[in-house]
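Report on the following structure.
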Amino acid sequence: MKTSSMVDRKRTMGFLCLCVGLMMALPQEKAQATALDNWKLRPELRASAKALEAGDYEKALDLARQVEGKTTEIGDPGLLEGMALNRLGRFGEALDILTRSASFTRPEFAFELGWADVGTGHYQEAVRVLSIYEAGAPGRAQTSQLLGQAYLGLGNKKKAYACFQQAEQRNKKLTPVAELYLAHLDAEENRPEQEQRRLTNVKENYPSVLTTRTLSQWDMTGEPPAKPWQVAVSVGGGYDSNVAAKGSGLPLPTGISHQDEGFFYSALDSRYDMKPAVDDRLRFGYSFQSRTYDSLGAFDYLDNYLYANYRHTFDERWETGLLASGEFTYIGDHFYNMEPAVRPSVTFNEMPWAKLDLAYGFAHDSFSTTGGPIVDRSGSTQSVLFQQRVQVPDTDLTLRGGYSHQWDDTKGTDYSDQSDVLFFGLNYLLPFNIDLDVYYNHSWDTYHNLNSVTGFAFKRRDDVDSFNLNLVRPITPWMDVFVRYNYLNDSSNINVFKYDDHIVMSGATFQF
């Protein structure tokens, strides 16, 4: 039986292996052109320096070694060779050549020697030489990153945390790697909410090959992975200003469409995540929502939703997805609708903080609506969607917005229509760790046929506004409280279809 100390040592060593992997995977910092220009290198070394600046490290290494082989001087050729080896992740060789160049006095030498010391596990020496370099050339982001890795290797978590934060502040390009180190330290210090937030930030906002591979390495280092399944149960209550308008889609007698009622709310959200390959994600899920009214049992609402969602990452710019789902809805104690659907999609990562989603959807509805074939809503629905998502840099604000178009080809002539929808949403972390989510859309619904309610005199046109506000605050790692407000207004050109509705609810969600 493994003791806890053995497990801790295994996890620590595993993560330090990840440190080396991160340094090798990180887009390596090119040699600063101004620094090399100021060196006034001999003509035979300029080609190596140019290759180093251009990121061709194998060529730079080869050219530096050619010069080194022709002279007993190991200063400039040795340093250029060590710089190339560091950027190739060959830290042992870099340390050997740089150590033999120890009499060399150029400022860059301390940085390169410290980098090689970190890569080979000489953490105390790395702190010493990198601190010397920082004192003479302050402000370099990768110095802070390397110092953070060295302090982490020495077990000084407080100093490591500060260094990774400083690296992120100095250069946002280091954010994905710095966030992973900080997430590891949050886990070590039992800060699960901060850890999860950082990991989510990296997964959602930096979906590059580097990030994908780094997260894959994380899973292999002995760190306890997040459990593949998640279950959340919500309970609460609320008030509905317009109960009877829900779900029927039929003209309602005067008075009933404005009947209000309190209700009990319950919901379940469960999912299971799989990772078939490094660049693939697969999620299976089941959820339901229910509203049980105080005295209007005929309008009790129960919705069941099953889905499988597959995502594939091609590279740092492109992702594809395929969502297959089935939805089953009951009103009162009667079956109301069944809807199988499929939605392929493409995501283009324009920037680390901006994504464009394109999607096509196909669904088929089978309604149990009574009233004859004219008002039968069963049939197929097709839709296209364009959505822009933006994580505003250096803030907790996420914006989303876009356009969708939907075609309904129903069996009943009253419900064959098409819709144009504009939508906008935002998510923001308020003070006291309150998560705010706001969503609004406006749809223009144009019905194809003359409506039976009007005696087939004219067609139906609806302008529909929908607004949703959701506030969530964590109380414990396993419990959140929420407050929600939903508003719907249907401005139809046919009076019997006009209605508005307000729903307010609050409750708690328990995560398992």
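The values are calculated or read from the model by the stated rules, or taken from the named source; none is laboratory data. Nothing here was measured: the structure is a model prediction, and the numbers come from that model. Because the Cβ atoms are built from the backbone with ideal geometry, glycine has one as well, and the counts that use them run over all protein chains shown. Heavy atoms of the whole protein, side chains included, go into the accessibility calculation; ligands, DNA and RNA do not. Shrake-Rupley method; radii C 1.70, N 1.55, O 1.52, S 1.80 Å.
List pairs: first residue in region 309-320 and at pLDDT below 90, second residue open to solvent by less than 60 Å² (accessible area, probe 1.4 Å) and of a type in the set (S, T, N, Q) anywhere in the structure, Cβ distance under 6 angstrom, at least six positions apart or on different chains.
Going by the 6 Å Cβ cut-off, the qualifying pairs are T313/T212; E316/S208; R317/N349.
Given the structure, is D490 of a type in the set (D, E, K, R), in contact with an Asp or Glu (Cβ under 6 Å, 6 or more places away or on another chain) and surrounded by 17 or more Cβ atoms within 10 Å (Cβ to Cβ)?
Criteria met by D490.
Only one of these is touching a Phe, Trp or Tyr at 6+ places or on another chain (Cβ under 9 Å) and farther than 30 Å from S416 by Cα: D437, D500, D463. Name it. Full working, then the answer.
Numbers: D500 fails: farther than 30 Å from S416 by Cα; D463 fails: farther than 30 Å from S416 by Cα.
Every option except D437 fails the conditions.
From the list G114, G82, G78, G89, which residue is at pLDDT 65 or above and either of a type in the set (D, E) or not in a helix (DSSP H, G or I) (or both)?
So the residue among G114, G82, G78, G89 that is at pLDDT 65 or above and either of a type in the set (D, E) or not in a helix (DSSP H, G or I) (or both) is G89.
What do you reckon, is S270 in contact with a Gly (Cβ under 7 Å, 6 or more places away or on another chain), assigned to a strand (DSSP E or B) and modelled with pLDDT of 90 or more?
yes
Between residues in region 487-501 that are without any contact (Cβ under 8 Å) to a residue 12 or more places away in the chain and residues that are in a strand (DSSP E or B), which pairs lie under 8 Å by C-beta distance while being six or more apart or on different chains?
K498/D490; K498/S491; K498/S492
In region 431-481, what residues are closer than 20 Å to M505 by Cα and hydrophobic (A, V, I, L, M, F, W, C)?
I434, L436, V438, F467, L469, L471, V472, I475, M479, V481
Somewhere in region 99-109, is a residue touching a Lys or Arg at 6+ places or on another chain (Cβ under 9 Å), open to solvent by less than 20 Å² (accessible area, probe 1.4 Å) and at pLDDT below 80?
Scanning region 99-109, I find no residue that is touching a Lys or Arg at 6+ places or on another chain (Cβ under 9 Å), open to solvent by less than 20 Å² (accessible area, probe 1.4 Å) and at pLDDT below 80, so the answer is no.
Can you tell me which condition A162 does not meet? The list is (1) crowded, with 17+ Cβ neighbours inside 10 Å; (2) within 19 Å of V127 (Cβ to Cβ), and all the others hold.
Status for A162: all satisfied but (1).
Identify, from the list N171, N190, the residue that is among the polar types (S, T, N, Q), free of Cβ contacts under 8 Å to residues at least 12 places away in the same chain and either touching a Leu at 6+ places or on another chain (Cβ under 6 Å) or open to solvent by 20 Å² or more (accessible area, probe 1.4 Å) (or both).
N190
What residue, among those in region 80-98 that are of a type outside the set (A, V, I, L, M) and in contact (Cβ under 8 Å) with a residue 12 or more places away in the chain, is most open to solvent (accessible area, probe 1.4 Å)? Steps first, please.
Residues of region 80-98 that are of a type outside the set (A, V, I, L, M), as a first pass: 81-82, 86-87, 89-93, 96.
After this cut, where a residue has to be in contact (Cβ under 8 Å) with a residue 12 or more places away in the chain as well, the list is 81-82, 86-87, 89, 91-92.
Details: E81: 13, G82: 0, N86: 0, R87: 11, G89: 16, F91: 10, G92: 47 Å².
Only one residue tops the list, namely G92.
Only helices (runs of 4 or more DSSP H) wholly contained in region 151-222 count here; list those with 3 or more residues that are over 29 Å from D480 (Cα atoms) and modelled with pLDDT under 80.
Ranges flagged: 209-219.
Do you know which of the residues in region 329-348 that are aromatic (F, W, Y) and free of Cβ contacts under 8 Å to residues at least 40 places away in the same chain is surrounded by the most Cβ atoms within 10 Å (Cβ to Cβ)?
Selected residue: Y330.
From the residues in region 447-484 that are over 30 Å from the mean Cα position of the chain (by Cα) and open to solvent by less than 50 Å² (accessible area, probe 1.4 Å), which one is modelled with the lowest pLDDT?
T454
Quick check: is even one residue across region 499-510 of a type outside the set (D, E), in contact with a helix residue (DSSP H, G or I) (Cβ under 9 Å, 6 or more places away or on another chain) and crowded, with 16+ Cβ neighbours inside 10 Å?
There is at least one residue in region 499-510 that is of a type outside the set (D, E), in contact with a helix residue (DSSP H, G or I) (Cβ under 9 Å, 6 or more places away or on another chain) and crowded, with 16+ Cβ neighbours inside 10 Å.
Spot the failing condition for L296; the list is (1) open to solvent by 40 Å² or more (accessible area, probe 1.4 Å); (2) in contact with a helix residue (DSSP H, G or I) (Cβ under 6 Å, 6 or more places away or on another chain), and only one is missed.
Condition (1) is where L296 drops out.
When the residues of region 110-140 are narrowed to those that are farther than 25 Å from K172 by Cβ and not aliphatic (A, V, I, L, M), which ends up surrounded by the fewest Cβ atoms within 10 Å (Cβ to Cβ)?
Q124
Mind checking whether some residue in region 309-321 is over 16 Å from the mean Cα position of the chain (by Cα), open to solvent by 50 Å² or more (accessible area, probe 1.4 Å) and within 25 Å of F367 (Cα to Cα)?
no
Looking at D394, is it at positive phi and at pLDDT below 90?
yes
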